[in-house]
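Asker: Structure below; questions to follow.
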Amino acid sequence: MSTKYLYINTIGCQMNVYDSEQIERRLEPLEYKPTSSIEKADLIIANTCAIREKAEQKVFSFLGRVADLKRKKPDLILGVGGCVAQQEGSRMLQRVPYLDLVFGTHAISRLPAMIERIEAKKCRIVDVGMHEGIDESVFGIDADYTSRVTSFVTIMQGCDNFCTYCVVPFVRGREASRTPEEILNEIRGLVASGIKEVTLLGQNVNSFGKKEGLCSFPELLSLINRIDGLLRIRFTTSHPKDLSDELINSFKSPDKLCRHIHLPVQSGSDRVLKRMNRKYSRDHYLSRLDKLRKACPDIAISSDFIVGFPGETSEDFKETLGLIKTVQYDDIFAFKYSDRPNVPSAHFRDKVSEQDKKDRLIELLKLQEYYTEKSNNALVGSVEPVLVEGLSKRQSGGGRENINIQWSGRTSTNKIVNFIQSDKSRFCKEIFPGRMIDIKIEKALSHSLRGTSDLSV
């Protein structure tokens, strides 16, 4: 079989990144080799996100851009997977008449057979069937991780929370956890291939294993912590209502568990939280953060916010700003509310105007910028262990006798650090991706830190 080329455009969250890796792995036996050149591709897949309207718009914008390429290459196979595919199903074939394949979030294991059928019969296929539980055949590792240091690992799928704004239960299905044995085997395989840090993925990792009667999430963390060769563990996402004392106590002696937690709050107003069906109050959320900071005083905390949720008043928004001032997050992700298909909030009548949503988002992000810079500045002068991930995006150069090469990595608290080791000969021997190095932080920027390493000290 001749080599064919696969181009994947991944839109959305870390789970989509992980799913794209699994798509590559599943199509490897069909002789599909990943390429970064869309013009070279024999198969183009858009792996999509439906969580926000803007993400969905990106999907159809991308499909519009590849229309000319499809006309020039009639044998080119064009497919759409992920959450938008699950949500729209056969309607996508009507909207995009040159589309060959629509496959949902539970169809990755069936993808090779679908591709073979399209190649042989030049047909169009829609597969958005969902199943209960976990299909372990979807999960695994890529053949070659030699150039990578970090990796995502899905530990559970779906969600049972049904927040009134969220499509996840409809496009990802109900909550289901993988077995600890399968998760541990996957991580051991990743470590054997050179991975030093894993990020555990789930819509609500805090409820891992509860439905199936498996070990708790803190117990799973303890098992992963024992894997030789693994240096760091991260996880996302945590739901505040399920953040247990047991998990909080895991940060007391973190060992490999990074000192960072992403704890989405969405709003600082109890009235809005109730309408969102978040199942916790502002006070409960703050009490969890208080316990986290007592267990691990230097823990970094990030969060998600939605501005302009239906019915959100100026007073509700002020409460959100007040929460940010109280918590002083290290970082946040904030978005304007948008109606999504099938969710209750789409039918709420008291919508906030687009201009008000825009103004509130700008104000919120400006406030958070102050606290992000404050958090970064607090690290100037300190020495932080940094896991080297690779060369930074920007390189600095000097003369032939003094070449400065800039590396990039992250602290345990998830801060990006760029640093220079100027002695090229020592640099080549002693600094490499996957090594943990102590870096002295010399400068704080808006979204990163700069430092230096002198390994002779």
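Asker: Filter the stretch 206-226 down to the residues that are of a type in the set (Phe, Trp, Tyr) and not in a helix (DSSP H, G or I) and list them by number.
Answerer: Going residue by residue through the stretch 206-226, those that are of a type in the set (Phe, Trp, Tyr) are 208, 217.
Result: Phe208, single match.
Asker: Checking the conditions here, which among Val80, Val102 is outside the structural domain of Cys159 (by TED's automatic domain parsing), more than 22 Å from the chain's Cα centre (by Cα) and assigned to a strand (DSSP E or B)?
Answerer: Working: Val80 fails: more than 22 Å from the chain's Cα centre (by Cα).
Residue meeting the stated conditions: Val102.
Asker: So which residues in the stretch 225-247 are over 25 Å from Val168 (Cβ atoms) and of a type in the set (A, V, I, L, M, F, W, C), if there are any at all?
Answerer: Correct list: Ile227, Leu230, Leu231.
Asker: Collect the residues in the stretch 321-358 that are surrounded by fewer than 16 Cβ atoms within 10 Å (Cβ to Cβ), in contact with a strand residue (DSSP E or B) (Cβ under 9 Å, 6 or more places away or on another chain) and part of a helix (DSSP H, G or I), keeping them in residue-number order.
Answerer: The answer is Glu354, Lys358.
Asker: When Glu56 is evaluated against the numbered criteria (1) crowded, with 20+ Cβ neighbours inside 10 Å; (2) modelled with pLDDT under 95; (3) not in a helix (DSSP H, G or I), which criterion, by number, is the only one it fails?
Answerer: Going through (1) crowded, with 20+ Cβ neighbours inside 10 Å; (2) modelled with pLDDT under 95; (3) not in a helix (DSSP H, G or I) one by one, Glu56 breaks only (3).
Asker: Here's a follow-up. Look at Gly390 and say whether it is in contact with a Gly (Cβ under 9 Å, 6 or more places away or on another chain), under 26 Å from His447 (Cβ atoms) and not in a helix (DSSP H, G or I).
Answerer: Numbers: in contact with a Gly (Cβ under 9 Å, 6 or more places away or on another chain): yes; under 26 Å from His447 (Cβ atoms): yes; not in a helix (DSSP H, G or I): yes.
The answer is yes for Gly390.
Asker: Mind checking which pairs have a first residue in the stretch 359-377 that is at negative phi and free of Cβ contacts under 8 Å to residues at least 60 places away in the same chain and a second that is assigned to a helix (DSSP H, G or I) and of a type outside the set (A, V, I, L, M), Cβ under 6 Å, 6 or more apart or different chains?
Answerer: Once the first residue is at negative phi and free of Cβ contacts under 8 Å to residues at least 60 places away in the same chain and sits in the stretch 359-377, its partners that are assigned to a helix (DSSP H, G or I) and of a type outside the set (A, V, I, L, M) give Arg360/Phe317.
Asker: Could you list, in sequence order, all residues of the stretch 1-19 that are among the polar types (S, T, N, Q) and in contact with a helix residue (DSSP H, G or I) (Cβ under 9 Å, 6 or more places away or on another chain)? Spell out the reasoning first.
Answerer: Of the residues in the stretch 1-19, the ones among the polar types (S, T, N, Q) are 2-3, 9-10, 14, 16.
Asn9, Thr10, Asn16, listed by residue number.
Asker: Somewhere in the stretch 268-283, is a residue within 30 Å of Arg226 (Cβ to Cβ) and of a type in the set (S, T, N, Q)?
Answerer: Residues of the stretch 268-283 that are within 30 Å of Arg226 (Cβ to Cβ), as a first pass: none.
No, that holds for no residue.
Asker: Being among the hydroxyl-bearing types (Ser, Thr, Tyr), within 28 Å of the chain's Cα centre (by Cα), modelled with pLDDT under 90 and surrounded by 13 or more Cβ atoms within 10 Å (Cβ to Cβ) is the requirement here; does Ser422 meet it? Steps first, please.
Answerer: Values: among the hydroxyl-bearing types (Ser, Thr, Tyr): yes; within 28 Å of the chain's Cα centre (by Cα): no; modelled with pLDDT under 90: yes; surrounded by 13 or more Cβ atoms within 10 Å (Cβ to Cβ): yes.
No: the conditions fail for Ser422.
Asker: Filter the stretch 153-182 for residues that are farther than 20 Å from Arg234 by Cβ and not in a loop (DSSP other than H, G, I, E, B); which is nearest to the chain's Cα centre (by Cα)?
Answerer: Here the answer is Val168.
Asker: With respect to the numbered conditions (1) of a type outside the set (Asp, Glu); (2) in contact with a Gly (Cβ under 9 Å, 6 or more places away or on another chain); (3) surrounded by fewer than 20 Cβ atoms within 10 Å (Cβ to Cβ); (4) not in a helix (DSSP H, G or I), which one is the sole condition not fulfilled by Lys318?
Answerer: Among (1) of a type outside the set (Asp, Glu); (2) in contact with a Gly (Cβ under 9 Å, 6 or more places away or on another chain); (3) surrounded by fewer than 20 Cβ atoms within 10 Å (Cβ to Cβ); (4) not in a helix (DSSP H, G or I), the lone unmet condition for Lys318 is (4).
Asker: Could you list, in sequence order, all residues of the stretch 364-378 that are under 14 Å from Phe317 (Cα atoms) and over 25 Å from the mean Cα position of the chain (by Cα)?
Answerer: none
Asker: To continue, here is another question. Out of (1) crowded, with 20+ Cβ neighbours inside 10 Å; (2) touching a Ser or Thr at 6+ places or on another chain (Cβ under 9 Å), the odd one out for Ser303 is which?
Answerer: Unmet condition: (2).
Asker: May I pose another question? Looking at Leu391, Leu367, Leu321, Leu361, which is the one that is closer than 30 Å to Glu430 by Cβ, outside the structural domain of Val149 (by TED's automatic domain parsing) and either modelled with pLDDT under 95 or of a type outside the set (Gly, Ala, Ser) (or both)? Before the answer, list the steps.
Answerer: Working: Leu367 fails: closer than 30 Å to Glu430 by Cβ; Leu321 fails: closer than 30 Å to Glu430 by Cβ; Leu361 fails: closer than 30 Å to Glu430 by Cβ.
Just a single option satisfies the conditions, and that option is Leu391.
Asker: Go over the candidates Arg288, Arg275 one by one and state the one that is farther than 26 Å from Leu201 by Cβ and not assigned by TED's automatic domain parsing to the domain that holds Ala50.
Answerer: Values: Arg288 fails: farther than 26 Å from Leu201 by Cβ.
It is Arg275.
Asker: Take the residues in the stretch 204-233 that are more than 20 Å from the chain's Cα centre (by Cα) and of a type in the set (Lys, Arg); name whichever of them is nearest to Asn185 (Cα to Cα).
Answerer: Taking the candidates together, the pick is Arg226.
Asker: Just to be sure, is Val126 outside any loop (DSSP other than H, G, I, E, B), crowded, with 22+ Cβ neighbours inside 10 Å and at pLDDT 95 or above? Steps first, please.
Answerer: Values: outside any loop (DSSP other than H, G, I, E, B): yes; crowded, with 22+ Cβ neighbours inside 10 Å: no; at pLDDT 95 or above: yes.
Here the answer is no, as Val126 does not meet what is asked.
Asker: For Leu200, are the conditions met, namely being surrounded by 16 or more Cβ atoms within 10 Å (Cβ to Cβ), under 21 Å from the mean Cα position of the chain (by Cα), in a helix (DSSP H, G or I) and not assigned by TED's automatic domain parsing to the domain that holds Val388?
Answerer: Working: surrounded by 16 or more Cβ atoms within 10 Å (Cβ to Cβ): yes; under 21 Å from the mean Cα position of the chain (by Cα): yes; in a helix (DSSP H, G or I): no; not assigned by TED's automatic domain parsing to the domain that holds Val388: yes.
Judged against the criteria, Leu200 is not a match.
The values are calculated or read from the model by the stated rules, or taken from the named source; none is laboratory data. What you see is a predicted model; the values in this text were computed from it and never measured. When we count neighbours, we look across all protein chains shown, and the Cβ atoms used for this are built from the backbone with ideal geometry, even at glycine.
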